[in-house]
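The values are calculated or read from the model by the stated rules, or taken from the named source; none is laboratory data. None of the values given here were measured: they were computed from a predicted structure. Cβ: placed from backbone, ideal geometry, glycine included. Neighbour counts: every protein chain shown. For the accessible areas, the whole protein counts, side chains as well, though only heavy atoms, and no ligand, DNA or RNA atoms are used. Shrake-Rupley method; radii C 1.70, N 1.55, O 1.52, S 1.80 Å.
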Amino acid sequence: MSSTGIDKETTGGGGLAEIEKRPAHVENSADLDENAKLSDFKTGAIDAENEELKMGVLQAVRLYPMASFWAFVMSTTIIMESYCVFLMGAFVAMPFFQDTYGVLDSEGNPQIEASWQSALQMGGPLGALIGVFLAGPITSKIGYRWATIGGLMVLNAFIFVFYFANSLAVMFVSQLLEGIPWGIFIANAPAYCSEITPIPLRAPATQMLQMFWAIGAIIVGGVCYVYEKKLDHSSYRVPIALQWMFPTPLAILLWIAPESPWWLVRKGRLEEAAKSVRRLGSSKVVSSPEESVAMMRRVIELEKTDKEPNLIELWKGTDLYRTLIVCGVYAAQNLTGNLIANQAVYFFRQAGMDSNTAFALGLITSALQTIFVMLSWFLTTYLGRRTIYVWGSLINVGFLVALGIAGSVPETKSSQLAMASLGLIVSVGFTLGPAPASWVIIGETSAIRLRPLTTGVGRGAYYIVNIPCIFLATYMLNPLGVDLGGRCGYVWGATGFVCFLAAYFYLPEMKGRSYREIDILFKRKVPARKWKETVVDINDDE
């Protein structure tokens, strides 16, 4: 990487005339004034940024249709983690699975032991914890496309281990192995989606991840609703085998997808970056690809470093604050009732529903989550990320406390229905506010050159919190554990309130901000609650 922050790699052929006469770096640049270099392409950069800032959402979709499509494709990779997470949650509530691998509780009913139930559900996150730390360095080196394609091919192989597993121990190992490529998908998807779309589309593009998480749950719910009645091994082996329908088609699509132009610019491959911009936009795009590339170069110039991105940088200076925001938002997903959503079917069973009704309610919950994520596109786009995240978290805390109250009264049919209803509301409400907004925040917060590393470390924080929370959630619900039932709402309500307070004081509003503005506001150390009213001049570079 040169002193401008752009790697010394080839820029391609003789096209891109405007950029070729304004080199990304000069071999003997010690005497060259940095401001003079920046001004060489600043006019084009300003024009491109102004154009994005004045776009509406519908106009951005018309001008960048393929950016929307490729964000859709990359977001689809999240289905595979969602599918398997909800699959394990469904298996522990499945009668034949319980008969095959469970033990009898005090009432003579088969139950998967709490320790094994926790292990099966934390195997994937444990593997993903490994995957997210591999994702950053790999993606920084070879790009989003090839890192994700490699993960998809590895996942194809690891599904075999799960399919042929004949014990809970082997299932645990299979989940751990499958989790490694999940980590790559979940680290790369929000970063890629936020980089290939213009400013007005960043929120809808990254929020699609939450929608596909819900779609994965719908597929699991539908499949398990059909197969849970079967009293043979097909009841759980067929749902496992259906995982193979995702990786290969997605790998083929990503093979023909454009690489992130931001990643290409950072690597100094300016000609390829311009081609990528052309592929993402339509012929109606007003600004030239060269101006879009100039805008990206301008942001990368602000970093002024000659070092390769590394994990240590995430914990220094203003990047520390940005890393903590990403880690905090990721971790908070486990502490605001999300685990009730992930274990919805099992929660409904413990609330007194029969198996068939519990699976039907789980399917309804997932369908409602998908609808609510779509509604959140409008709320987050027009009201802002901070507003939806902060106040959505507080509302969710209120419902969690109500769930705790419903679980505290004497058990009757009415109290069981109240617990089931509130469990459904918490699961669905989470996907209207905090959940989808968190993906937008994660995609926008990190510095461009550190983005693959930041999203990887942030998701690592998610799994570090997720693993003990899975044990806690399981023991709170399992009859062989502490059997709190709806009273678990008190626990998640308390942790959710702490997350609300942290977000209120430290989460800035990034709605309508270019990456240049975000960089400058972090460097100026503007307090989080003052971001919305702070103006950054279009000519400012620091």
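Table for the structure above
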read-out: Using a Förster distance of 51 Å, the FRET efficiency for Ala157-Thr43 (Cβ separation, nearest 0.05); value: 0.50
read-out: Per-selection Rg to Rh, the chain - Cα, Kirkwood hydrodynamic radius; value: 1.00
read-out: Sorted peptide list for 231-241, 428-438, 311-321, criterion being average Cβ within 10 angstrom, highest first; value: 428-438, 231-241, 311-321
read-out: Residue-by-residue Karplus 3J(HN,Hα) for the stretch 178-188, coefficients 6.51, -1.76, 1.60, Hz, glycine and proline x; value: 4, x, 4, x, 4, x, 5, 4, 6, 6, 7
read-out: The stretch 457-541: GluC sites (Glu not before Pro) falling in loop per DSSP and having at most 12 other Cβ within 10 Å; value: Glu533
read-out: Extended-chain gain in nm, criterion 0.36 nm per residue less alpha-carbon gap, Leu104 and Asn356; value: 88.7 nm
read-out: Karplus-derived 3J(HN,Hα), 6.51/-1.76/1.60, for each residue of the stretch 526-542, Hz, glycine and proline x; value: 5, x, 3, 6, 10, 4, 4, 9, 8, 9, 10, 5, 4, 8, 6, 10, 7
read-out: Accessible surface, 1.4 Å probe, highest first, among residues Ile364, Ile441; value: Ile364, Ile441
read-out: Fully extended contour minus Cα-Cα distance, from Asp540 to Asn50, at 0.36 nm per residue; value: 175.1 nm
read-out: Apportionment of accessible area to carbon and sulfur, the chain, percent (1.4 Å); value: 65 percent
read-out: Over 15 Å [Cα-Cα, the stretch 478-528], rounded percent; value: 64 percent
read-out: 0 to 90° range, to nearest 10: angle between helix 451-477 axis and the chain longest Cα axis; value: 10 degrees
read-out: In degrees, nearest ten, helix 413-429 long axis to first principal axis of the chain (Cα); value: 10 degrees
read-out: Integer Hz, Karplus 6.51/-1.76/1.60 couplings in order for the stretch 256-261, x for Gly and Pro; value: 9, 6, x, 6, 4, x
read-out: Relative pair counts by distance (%), Cα atoms of the stretch 399-539, 5 Å bins; value: 2, 8, 13, 17, 16, 12, 10, 8, 6, 4, 2, 1, 0, 0
read-out: Column: log10 I(q)/I(0), Debye, Cα scatterers of the stretch 347-471, q = 0.21 Å⁻¹; value: -1.24
read-out: Accessible area, probe 1.4 Å, largest first, for residues Leu394, Leu375; value: Leu375, Leu394
read-out: Angle in degrees between helix 114-142 and the longest Cα principal axis of the chain, rounded to the nearest 10; value: 10 degrees
read-out: Relative packing of 496-502, 326-332, 244-250, which averages over residues the other C-beta atoms within 10 Å, highest first; value: 326-332, 496-502, 244-250
read-out: Accessible-area order (highest first, 1.4 angstrom probe) of the listed residues Asp47, Asp519, Asp541; value: Asp47, Asp541, Asp519
read-out: Cβ charges +1 (Lys, Arg) and -1 (Asp, Glu), total dipole of the stretch 205-278, debye; value: 140 debye
read-out: Amide H within-cut-off set for Gln111, under 5 Å, with H built and near neighbours excluded; value: Val103, Leu104, Asp105
read-out: Two-site FRET efficiency, Glu533 against Trp315, from Cβ-Cβ distance with R₀ of 45 Å, rounded to 0.05; value: 0.95
read-out: Distance between modelled label sites at Val498 and Lys230, nm, 7 Å Cα→Cβ extension; value: 4.4 nm
read-out: Cα-based equivalent ellipsoid of the stretch 78-159: semi-axis lengths in Å, sorted from largest, via gyration tensor; value: 35, 12, 8
read-out: Full-stretch length increase - Ile252, Lys525 - with 0.36 nm per residue and alpha-carbon distance subtracted; value: 93.9 nm
